[in-house]
1. Could you check how many residues of region 36-64 are touching a residue at least 12 places away in the same chain (Cβ under 8 Å) and in contact with a Ser or Thr (Cβ under 9 Å, 6 or more places away or on another chain)?
2. Quick one: is Leu86 modelled with pLDDT under 70, within 18 Å of the chain's Cα centre (by Cα) and outside any loop (DSSP other than H, G, I, E, B)?
3. Here's a check for you: in region 36-83, which residue that is of a type in the set (S, T, N, Q) and in a loop (DSSP other than H, G, I, E, B) is surrounded by the most Cβ atoms within 10 Å (Cβ to Cβ)?
Amino acid sequence: MQFLFIAQLIMMIIGPAVRLVLRMLGVGFVTYVGYNAVLDVVQNYITQNIGSTGVVIQQMLGIAKFDVIVNIFLSAITTRMVLTGLDKAADLKRKQVWRAPGGTSIDA
């Protein structure tokens, strides 16, 4: 009989934690898939428009390593999004900068 109470207690503790983890994984997965889809569309759009230009312009862009530039730019956007997400995940409760007058703050 006591085993039943212990099992219920464990389910009450573990249940919400498992749901929270699955929810976070779901949001992360949807964001990752959506972002990859957007990046593929952008990269395909750029390469198709480069392919429709003249041969001389394509040669100049090849010499300038335009494909490397596009990859660096898209990687920088990805890195920025990842760092922003990490900052938001680490700083869930921000420190309060402004304090109400009185109490521990200095009145001007």
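1. Residues flagged as touching a residue at least 12 places away in the same chain (Cβ under 8 Å) and in contact with a Ser or Thr (Cβ under 9 Å, 6 or more places away or on another chain) within region 36-64 amount to 1.
2. Yes: the conditions hold for Leu86.
3. Among those residues, the one meeting the criterion is Thr53.
The values are calculated or read from the model by the stated rules, or taken from the named source; none is laboratory data. None of the values given here were measured: they were computed from a predicted structure. Backbone-built Cβ (ideal geometry, glycine too); neighbour counts: all protein chains shown.
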